[in-house]
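Asker: Please read through the structure below; I'll follow up with questions.
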Amino acid sequence: MTAPEKRVGHARDAGAVLVVLAAVSVGLLHAVPTFGRLADLGDGGRPLVLRFLLAVVLIIAVGRLGGWVATQCRQPPVVGEMAAGIALGPTLLGQVAPEVQHALFPTALVPHLGLVAQLAISCFVFLLGADLPLDLLRGAGRRVAALGTAMVAVPLAGGLLLAAGLAAAYRPAGTGLIPFLLFVGTSMSITAFPVLVRILAGLDLIRTRIGTLGLATAGVGDVLSWCLLVVVVALARGDSAAAVAPTVGWLVLFTAGTLTVVRPALRRLSAIAEDHAGRRRALTVVLVLWALSAAAVTDWIGVHAIFGALLAGVIMPRENRVVRDLGRTVGRGVTAVLPLFFAVIGFGMHVGFLRNLQDVLVCGLVIVVAVTGKLGTTTLVGRLTGLTWRESAGLGVMVNCRGLTELVVVSAGLALGIIGPDLFVVFVVMTLVTTAMTGPLLRRLDLGGARAPARPVAGSGPAPETVTVVNADGGADRTH
């Protein structure tokens with residue numbers, strides 16, 4: 001390499017560093033005040049800080065115990081962690097020992113626990129974006145496109161009809177009818193890609209034809225669902241098209257800048273750090289800060305922070321070693337504190353709901369619509385595209401898994417006031433049911449597991465050789 005070429009290379013490296021640092025700095029200007037709310041713990045003196053630390057340790061310990069119990073029942077750990085978090089709130093502990101529940105988790109601590117939980121969720125969604133199967137989506141053929149579109153469109157339509165019937169009783173005051181309808185419909189279309197990968201890996205289905213098709217279909221559906229959610233949240237934040245326009249404009253500008261400026265800079269910065277251990281460690285910190293910064297920017301724009309975190313993950317250069325290992329280096333820490341998120345959900349669930357026949361019927365109806373829309377539709381479309389009934393049913397069971405991703409979405413809806421606490425509880429119950437049924441039904445269908453060799457999905461290119469995903473049991477799975 002000649003001296004001028006070296007100078008050009010150094011200039012590009014310096015430019016990449018400056019671009020990434022500038023992007024991080026802009027985001028942190030909005031994020032630091034949020035982080036600073038943790039300092040309010042000090043206003044209560046040392047006892048409040050100690051109670052906060054005790055609450056964190058207790059929640060994580062109970063959550064991990066719940067995850068272990070779930071694995072013993074051949075369920076994904078996230079099911080046990082969700083149940084444990086709900087049990088710590090007024091639904092169970094508050095009923096059995098209300099004095100203990102209030103003593104361990106006083107009201108003053110809940111906002112601080114929620115802040116830590118939101119930081120963890122932002123990192124989780126960032127890792128989710130980094131693990132979306134973009135390679136599968138680029139090669140998606142007609143079958144995958146048809147399945148992915150159907151698994152979003154039909155549940156969306158079913159959710160719209162359901163929400164129209166529930167709006168009179170369950171739409172919060174001040175929430176527009178259109179955002180409410182669209183949010184409920186979109187929530188019905190969610191699939192939990194990380195939990196699905198974890199379940200497929202445990203059943204030795206990753207390398208099978210149907211497992212690859214399931215991942216590709218879930219990836220297409222997730223991309224469509226997240227795009228819909230951006231529109232819904234923008235509508236919910238504005239009272240008219242004129243009010244929504246600035247939010248959409250800023251979001252488009254931020255997305256364009258991220259794709260055209262930050263993404264090439266991150267690729268260049270990642271290449272610099274590829275072969276140097278110290279630089280790789282520093283790059284990991286920079287990437288996490290970038291994720292939190294992007295989340296803070298989209299929150300400031302007027303949509304939810306999870307969209308910025310997701311975008312930050314989607315643009316990651318997946319060929320880089322640091323990015324490939326994010327699930328291992330960052331994911332273990334993130335999943336370790338995810339029980340805080342489930343506990344905060346549990347603290348917000350009131351016990352007065354689901355105590356009369358109408359509420360129980362509504363909950364049952366939501367579950368039926370959710371399962372029918374996802375499992376039923378995907379099964380029929382799969383059969384129409386040439387799969388056997390067994391394979392089609394297996395595919396429907398896979399995309400019916402909602403897991404943590406659904407909880408992230410409905411929690412955002414609750415925080416934004418699009419849905420109220422009653423409907424939030426219904427969605428939590430639906431999430432537990434649809435997630436818990438995935439593993440047992442797939443085992444019942446006996447789709448072949450490791451006995452079936454991986455084959456390319458028709459029209460969708462070769463099956464992926466490696467899938468890395470942050471899971472809900474404390475780390476990353478890499479399945480070859």
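Asker: Going by how many other beta carbons lie within 10 Å of each one, how would you line up H276, H112, fewest first? Don't jump to the answer; show the numbers that get you there.
Answerer: On the way: H276 11, H112 20.
Ascending Cβ contact count within 10 Å gives the list H276, H112.
Asker: While we're on this one: Which FRET efficiency, nearest 0.05, do T260 and V116 yield, Cβ-Cβ r, R0 22 Å? Don't jump to the answer; show the numbers that get you there.
Answerer: Values: r = 34 Å, r/R0 = 1.53.
It comes to 0.05.
Asker: Additional query: What is the ratio of the Cα radius of gyration of the stretch 304-452 to 2.2 N^0.38 Å, where N is its residue count, to two decimals? Please list the in-between numbers first.
Answerer: Values: Rg = 18.4 Å, N = 149, 2.2 N^0.38 = 14.7 Å.
That works out to 1.25 for the stretch 304-452.
Asker: A follow-up question, please. Measuring from a point 7 Å past the Cα of L177 along Cα-to-C-beta, which residues in the stretch 405-422 have an amide N at less than 11 Å?
Answerer: Zone members listed by number: none at all.
Asker: Sticking with this structure for a sec: In whole Å, largest first, what are the principal axis extents of the Cα atoms in the stretch 336-424?
Answerer: Between the extreme Cα coordinates on each principal axis of the stretch 336-424 lie 46, 38, 20 Å.
Asker: Full-extension gain between R267 and R383, please, as 0.36 nm times their residue separation minus the C-alpha to C-alpha distance. Please report the intermediate quantities before stating the final value.
Answerer: Numbers: separation 116, 0.36 × 116 = 41.76 nm, distance 4.13 nm.
Full extension of this stretch gives 37.6 nm more.
Asker: Please rank M430, M437, fewest neighbouring Cβ atoms within 10 Å first, as an exposure proxy.
Answerer: On the way: M430 23, M437 17.
Ranked by crowding around the Cβ, least crowded first: M437, M430.
Asker: For the stretch 83-231, what size does the Cα cloud have along each of its three principal axes, sorted from largest down, in whole Å?
Answerer: 57, 40, 25
Asker: With each pseudo-label sitting 7 Å past Cα toward Cβ, what's the L65-V368 distance in nm, one decimal?
Answerer: 3.8 nm
Asker: Just the ratio, please: alpha-carbon radius of gyration of the stretch 149-300 over 2.2 N^0.38 Å, N its number of residues. Walk me through the numbers before you get to the answer.
Answerer: Numbers: Rg = 19.7 Å, N = 152, 2.2 N^0.38 = 14.8 Å.
Against the empirical 2.2 N^0.38 Å value, I get 1.33 for the stretch 149-300.
Asker: Taking R0 as 25 Å, what FRET efficiency do you get between A277 and E319 from their Cβ-Cβ distance, rounded to the nearest 0.05?
Answerer: Plugging the Cβ-Cβ distance into 1/(1 + (r/R0)^6) gives 0.85.
Asker: Shifting gears a bit: Highest first, please rank the peptides 375-381, 105-111 by the mean number of other Cβ atoms sitting within 10 Å of their residues. Don't skip to the answer; put the middle values down first.
Answerer: Details: 375-381: 21.4, 105-111: 15.9.
Peptide ranking by packing, descending: 375-381, 105-111.
Asker: Return, for the Cα atoms of the stretch 39-131, the radius of gyration and Dmax in Å, separated by a comma.
Answerer: Values for the stretch 39-131 (Cα only, Rg and Dmax): 14.9, 45 Å.
Asker: In Å and whole numbers, how far do the C-alpha atoms of the stretch 243-376 stretch along each principal axis, longest first?
Answerer: 62, 39, 33
Asker: While we're on this one: With a 10 Å Cβ neighbour count serving as the proxy for reagent exposure, in which order, fewest first, do D446, D204, D299 appear? Working shown, then result.
Answerer: Values: D446 11, D204 16, D299 21.
Fewest-to-most ranking of D446, D204, D299: D446, D204, D299.
No value in this document is a laboratory result; all are computed from the given coordinates. Only a predicted model underlies this, so the values are computations on that prediction, with no experimental measurement involved. Note that each Cβ is placed from the backbone with ideal geometry, even for glycine, and that neighbours are counted across all protein chains shown.
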